[in-house]
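First the structure, in the form of structure tokens, and then the observations on it.
The values are calculated or read from the model by the stated rules, or taken from the named source; none is laboratory data. Being a predicted model, the structure only gives us computed values, none of them experimental. Cβ placement follows ideal geometry from the backbone for every residue including glycine, while neighbour counts extend to all protein chains displayed.
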Amino acid sequence: MKATVKITLKYGVLDPQGKAIEKSLGQLGFSGVNEVRQGKLIELDIDADTPEAAEKQITEMCEKLLANTVIENYDIQLNLAE
Amino acid sequence: MQASVIVFPGSNCDRDVAVCLEAATGKKPNMVWHGNSDLPDSDVIVLPGGFSYGDYLRCGSMAANCPIMKEVVLKAQKGTAVLGICNGFQVLTECGLLPGVLMQNADLNFVCRNTRLIVDNNTTPFTGLYQQGEEVVIPVAHNEGNYFADDETLDELSGEGRIVLSYAPEDNPNGACKNIAGICDASGRVLGMMPHPERRAETALGGEDGKRMFTGLVEALS
């Protein structure tokens, strides 16, 4: 089963890279950019019998390794079409 | 006193710190590979600076989950002193022995220079040879040294005297909360610090302010 995990910095945590991108966009002439936040996307292909089992397993992966929950949130999307 | 240095793929300050430990203890430290699951008896375990696992995912995150770290965590919980320097500090936060996280430097630049540090707590086994409030010069070299924790954790750290080292207020190189350069756990026996004492432990390297950390350890633990 394929899944993607989106990892983003929690609101309230300073995101210097997002700020730098925001500034560069302004320098390129893109106006009206109110905020930029940068995160990461992890694609997984795992063995799981049911979507629930997959979600449970990936949640554990996020808690143990994929995200640092002190500063990051994670969002799991299962790709059920394939 | 016997020291052990954990060597991760990508560690690059392991041999420097081994030289300092040997000079202080008179014994060669054990160099323990990350994939081992046995840790020899040690009075102090050092997690050295470097770029363990290429800093993949998050600095220290892969190292925190490697086989030897299970042993390090167990030993730390039983009271063995653990010193994490730079990447070692990042590993200590990732494995949960220390709270908070080291984020990317606020100005997005790798910083490599001397910093002025204040010794805020000289009652740990690592800082006994420094005066309380003493200012020392020890270099930093990192891209992710910006210490962050929630307000509750920061209050707990300062209230319990667990901020062991802080940058002089006008010399914060990375934007760290409360100018934090080094913190310890509740027992005081696990210290994580971004500056590199092993890089300032001989006069030939510009000064000896870092040396007392190693000689102090020997005094405290022997």
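Considering only residues that are buried (at least 23 other Cβ atoms within 10 Å of the Cβ), under 16 Å from B:Asp120 (Cβ atoms) and either within 14 Å of chain A (Cβ to nearest Cβ) or modelled with pLDDT under 95 (or both), which ones fall in the stretch B:138-156?
Listed by number, the list holds a single entry, B:Tyr147.
Select from the stretch A:1-31 the residues that are more than 14 Å from every other protein chain (Cβ to nearest Cβ), among the small types (Gly, Ala, Ser) and surrounded by 14 or more Cβ atoms within 10 Å (Cβ to Cβ) and list them in ascending order.
Residue satisfying the conditions is A:Ala3 alone.
From the list B:Asp43, B:Asp14, B:Asp38, B:Asp107, pick out the single residue that is surrounded by fewer than 20 Cβ atoms within 10 Å (Cβ to Cβ) and either touching a Gly at 6+ places or on another chain (Cβ under 8 Å) or of a type in the set (Lys, Arg) (or both).
Numbers: B:Asp43 fails: either touching a Gly at 6+ places or on another chain (Cβ under 8 Å) or of a type in the set (Lys, Arg) (or both); B:Asp14 fails: surrounded by fewer than 20 Cβ atoms within 10 Å (Cβ to Cβ); B:Asp38 fails: either touching a Gly at 6+ places or on another chain (Cβ under 8 Å) or of a type in the set (Lys, Arg) (or both).
After applying the criteria, what remains is B:Asp107.
Suppose the filter is on the phi > 0 side of the Ramachandran plot and crowded, with 21+ Cβ neighbours inside 10 Å; does B:Gly60 pass it?
So B:Gly60 passes the test.
Of the residues B:Leu98, B:Leu92, B:Leu117, which is crowded, with 23+ Cβ neighbours inside 10 Å, within 12 Å of chain A (Cβ to nearest Cβ) and on the phi < 0 side of the Ramachandran plot?
Sole residue among the options that is crowded, with 23+ Cβ neighbours inside 10 Å, within 12 Å of chain A (Cβ to nearest Cβ) and on the phi < 0 side of the Ramachandran plot: B:Leu98.
Any idea which of A:Ile76, A:Ile21, A:Ile46 is of a type in the set (Val, Ile, Thr) and either under 30 Å from B:Glu152 (Cβ atoms) or touching a Leu at 6+ places or on another chain (Cβ under 8 Å) (or both)? Talk me through it step by step, then tell me what you get.
Working: A:Ile21 fails: either under 30 Å from B:Glu152 (Cβ atoms) or touching a Leu at 6+ places or on another chain (Cβ under 8 Å) (or both); A:Ile46 fails: either under 30 Å from B:Glu152 (Cβ atoms) or touching a Leu at 6+ places or on another chain (Cβ under 8 Å) (or both).
Just a single option satisfies the conditions, and that option is A:Ile76.
Give me a count of the residues in the stretch B:53-77 that are of a type in the set (A, V, I, L, M, F, W, C), in contact (Cβ under 8 Å) with a residue 24 or more places away in the chain and over 22 Å from B:Asp185 (Cβ atoms).
0
Looking at B:Asp107, is it of a type in the set (D, E, K, R), touching a residue at least 24 places away in the same chain (Cβ under 8 Å) and within 14 Å of another protein chain (Cβ to nearest Cβ)? First the steps, then the outcome.
Numbers: of a type in the set (D, E, K, R): yes; touching a residue at least 24 places away in the same chain (Cβ under 8 Å): yes; within 14 Å of another protein chain (Cβ to nearest Cβ): yes.
Spelling it out, B:Asp107 is indeed of a type in the set (D, E, K, R), touching a residue at least 24 places away in the same chain (Cβ under 8 Å) and within 14 Å of another protein chain (Cβ to nearest Cβ).
Just need a number here: residues in the stretch B:66-89 that are within 14 Å of chain A (Cβ to nearest Cβ) and over 16 Å from the mean Cα position of the chain (by Cα).
2
Would you say B:Ala168 is within 12 Å of chain A (Cβ to nearest Cβ) and over 16 Å from the mean Cα position of the chain (by Cα)?
No; evaluated as a whole, the condition is false for this residue.
Hey, among B:Gly188, B:Gly182, B:Gly192, B:Gly175, which residue is assigned to a loop (DSSP other than H, G, I, E, B) and within 13 Å of the chain's Cα centre (by Cα)?
B:Gly188 is the lone residue from the list that is assigned to a loop (DSSP other than H, G, I, E, B) and within 13 Å of the chain's Cα centre (by Cα).
Could we say that B:Gly88 is small (Gly, Ala, Ser), in contact with a Leu (Cβ under 6 Å, 6 or more places away or on another chain) and under 21 Å from B:Pro9 (Cα atoms) here?
When the stated conditions are applied, B:Gly88 passes them.
Pull up the stretch B:30-65, narrow it to residues that are assigned to a loop (DSSP other than H, G, I, E, B) and in contact with a Phe, Trp or Tyr (Cβ under 7 Å, 6 or more places away or on another chain), then point me to the one that is farthest from the other protein chains (Cβ to nearest Cβ). Before the answer, list the steps.
Step one: filter the stretch B:30-65 for residues assigned to a loop (DSSP other than H, G, I, E, B), giving B:34-43, B:48-49, B:51, B:56-62.
Still in the running and in contact with a Phe, Trp or Tyr (Cβ under 7 Å, 6 or more places away or on another chain): B:34, B:62.
Working: B:His34: 16, B:Met62: 8 Å.
Looking at the filtered set, the residue picked out is B:His34.
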